[in-house]
Amino acid sequence: MQISFYKYQGTGNDFVLIDNRQQKFPKNNTTLVAQICDRKFGVGADGLILLEQHPSEDFSMIYFNADGNQSTMCGNGGRCIVHFAAFLGIIKTKTHFMAIDGVHHASLQADEVALRMSDVSDIQIHQQHCFLNTGSPHHVEMVANIEDINVLEKGRALRYNHYGTLGANINFVSKIANQTFKVRTYERGVEAETLSCGTGVTAVALAMFETKQTNLKKVNLKTLGGDLSVCFDKKGQTFTNIILSGPAKQVFKGMWEI
C-alpha cells in the first residue's frame with residue numbers, strides 16, 4: 001500500500017503531514033513513524049502529523065515525535081497542519097481543531113499562520129531558569145553568549161538529568177532588545193537541537209514577561225530557522241489569548257510504500 005505524504009516546514013521545524021481521514025495509516029507502528037522521520041533512511045523530519053476527522057471540530061491533529069512516539073502539543077506543527085487543512089480544502093482562512101491539549105483556533109493569510117495556544121497559569125521561577133508548560137514542558141534559561149552554547153550537550157544533560165524519564169524541552173535565550181529575544185532549543189523526542197520550536201518560543205515569551213525581561217505583551221523571537229512572534233494577555237496569574245504567529249510552507253509531496 002502506498003501512502004501520500006506532504007513535507008512541511010515552519011521556520012525550519014519540519015514535519016511529514018499525512019491526510020489520515022480514511023484511517024489508512026498504521027499510527028500504532030512506532031517503528032514506521034521513526035523510519036519515515038529518519039534523515040538518512042527516510043523522508044527526514046522533526047515529527048510526523050496525521051490530520052484526522054473529528055466529530056465537532058474541523059479536524060484532529062495527531063502528533064508524533066521523530067522517535068516514533070505520540071507526543072504533546074507542537075506549535076509549529078499546529079501552524080503547518082492549519083496550512084495543510086487549507087490546502088486540502090477542509091478550511092478557508094479560519095479554523096478550530098482538536099489537538100492533544102484541547103481545541104485550538106487559528107487563522108491564515110497566504111503562508112502566514114496565527115495559532116492560538118492553550119492558556120498558561122503556572123510559571124515556576126527558579127534562580128537560573130523558569131519552567132512552564134505551553135502544551136509541552138519547557139525549561140527556559142537565559143545565557144550571555146547564545147552562539148557559543150553547546151545546545152546538544154547542555155540540552156541533553158538538562159533534559160535527562162534534571163527532568164527525569166519524561167524530560168522537558170530545553171530553551172536557551174539571549175536578549176537582543178526589549179521586545180526581541182534569540183532562542184535555541186533542544187527538543188525531547190527529536191533528541192537534538194531543532195531550527196525552531198513553537199511551544200518553545202511561546203514559553204520564552206511568557207517567561208521573559210513574567211521575569212520582567214520585557215514589559216511588552218508582543219514578543220519577537222529569532223530562531224535559527226526564522227522569526228516568530230508571540231502576543232498574549234494576562235488576567236491575574238493566567239496568560240490567555242496567546243497567539244503564536246509565523247510562516248508555514250509546503251515543501252514537497254511524495255509517496256511512501258508500506
inquiry  = With a 10 Å cut-off between alpha carbons and a GNM built on the chain, which of Gly236, Gly198, Gly155 moves the most?
reply    = Gly236
ask   = How do Val251, Val219 rank when sorted from fewest to most other Cβ atoms within 10 Å of their own Cβ?
value = Val251, Val219
remark   = Once phi for every residue in the stretch 31-44 is put through the Karplus expression 6.51 cos²θ - 1.76 cosθ + 1.60 (θ = phi - 60°), the whole-Hz ³J(HN,Hα) values, with Gly and Pro written as x, are 5, 5, 4, 5, 5, 4, 6, 4, 7, 9, 10, x, 5, x
ask   = Between Thr134 and residues 5 or more places away or on another chain, which pairs have amide H atoms under 5 Å apart, with H built 1.01 Å from N, and which residues are they?
value = none
key: Top of Asp227, Asp148, Asp38 by mean-square fluctuation, Gaussian network on the chain, Cα under 10 Å   = Asp148
ask   = If you rank His105, His139 by fewest surrounding Cβ atoms within 10 Å, what's the result?
value = His105, His139
task = Using the number of other C-beta atoms within 10 angstrom as an exposure proxy, rank Thr134, Thr30 with the fewest first.
result = Thr30, Thr134
message = On the principal axes of its Cα set, how long, how wide and how thick is the stretch 163-258? Give whole Å, largest value first.
response = 51, 34, 26
remark   = XL table Lys27/Lys222; Lys92/Lys212; Lys27/Lys175; Lys154/Lys235; Lys175/Lys249; Lys92/Lys217; Cα-Cα > 32 Å flagged, in table order, is Lys27/Lys222; Lys92/Lys212; Lys27/Lys175; Lys154/Lys235
message = If I stretch the segment between Leu224 and Gln35 completely, what's the gain in nm (0.36 nm per residue apart, minus their alpha carbon distance), one decimal?
response = 65.5 nm
query = Taking a ≥ b ≥ c as the square roots of the eigenvalues of the Cα gyration tensor of the stretch 1-134, is the shape rounded (a/c under 1.5), prolate (a/b larger than b/c) or oblate?
reply = oblate
remark   = Note, Leu224: beta-carbon cut-off 10 Å, +1 each Lys/Arg, -1 each Asp/Glu, net +2
query = What is the extension gain from His126 to Cys231, computed as 0.36 nm multiplied by their sequence separation minus the C-alpha to C-alpha distance, in nm to one decimal?
reply = 35.4 nm
key: the chain - mean residue ellipticity at 222 nm from DSSP helices (-39,500 (n - 2.57) per run, n ≥ 4, rounded to 500)   = -4500 deg cm²/dmol
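Any read-out appearing in this document is the output of simple, stated calculations on the displayed coordinates, not a laboratory observation. Note that the coordinates shown come from a computational prediction; the quantities given were computed from them, not determined experimentally. Because the Cβ atoms are built from the backbone with ideal geometry, glycine has one as well, and the counts that use them run over all protein chains shown.
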